[in-house]
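First up is the structure itself, then whatever we jot down about it.
The values are calculated or read from the model by the stated rules, or taken from the named source; none is laboratory data. All values derive from a computational prediction rather than experimental measurement. Please note: Cβ atoms are built from the backbone with ideal geometry, for glycine as well, and neighbour counts cover all protein chains shown. Please note that ligands, DNA and RNA were not included when accessible areas were found on the heavy atoms of the full protein model with its side chains. Shrake-Rupley method; radii C 1.70, N 1.55, O 1.52, S 1.80 Å.
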Amino acid sequence: TIVDDPFKNGKEAETEDIPEKSHSYKTYTTKATLSKNGKVESKCTACGYVKSTSKIYYPKKIKLSTTSYTYNGKTKKPSVKVTDSKGKTISSKYYTVSRPSSSKKVGTYTIKVKFKTKYTGTAKVTYKINPGKTSVSKLSASKKSLKVTIKKKSTQVTGYQIQYSTSKKFTSSKTK
């Protein structure tokens, strides 16, 4: 082919047909952390063209079904619900829950939530088992003393506080 091209000075130039390559896509995942969104991207390995991108919203709230129990001698296992930064529930297939081996006694317990697959990171949430409420079974007063008999509800309590006042309005109260 002879081409009238000022840069070729009228010399013969060659042309070549280059076959069009088809895209070859690969999926790349950037995991969401506990504070930052992730993404799933379908990208051509040859030219870098991004066919599609979708966000993975980070887990914003980890909520227990109950955070406070009253001691009754039975094991407490609150359920875990995780929601993302858009308010949608994250399926339990994306995290594992580690519970304490025993959670019967009065105290504070920690549950670990470890994220997997599209998420990364570990979060901790706590719940409490409080002693049962007690009541006064007998109260007797004399001139300068007060005797209080308490009905115990839990064997795990190490002491009680009693608040009293000499005023009808309970002002200037004292705690023992």
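Percent of Cα-Cα pairs per 10 Å bin, from 0 to the last occupied bin, for the chain, please list those.
For the chain, the binned pair fractions read 8, 19, 15, 14, 12, 10, 7, 5, 4, 2, 3, 1, 0 percent.
So with the 1.4 Å probe, I'd like the accessible area per residue for the chain, rounded to whole Å².
Ligands and nucleic acids excluded, the result is 79 Å² per residue.
Once you have the Cα-Cα distance between Ser137 and Thr122, take 0.36 nm times their residue separation minus that, and quote the gain in nm to one decimal.
0.7 nm
First measure r as the distance between the Cβ atoms of Lys60 and Thr108, then evaluate 1/(1 + (r/R0)^6) with R0 = 22 Å and state the FRET efficiency to the nearest 0.05.
Working: r = 23 Å, r/R0 = 1.06.
Once the sixth-power term is evaluated, E becomes 0.40.
Rounded to the nearest percent, how much of the accessible area of the chain (1.4 Å probe, protein heavy atoms only) is carbon and sulfur? Please list the in-between numbers first.
Values: 6610 of 13880 Å².
Its accessible area is 48 percent carbon and sulfur atoms.
Extension gain Thr29-Lys93, at 0.36 nm per residue separation less the Cα-Cα distance, in nm?
Going from the current span to full extension adds 21.3 nm.
Given contacts defined as C-alpha pairs under 8 Å and at least six residues apart, what's the relative contact order of the chain, whole-number percent?
Over the chain, the number comes to 14 percent.
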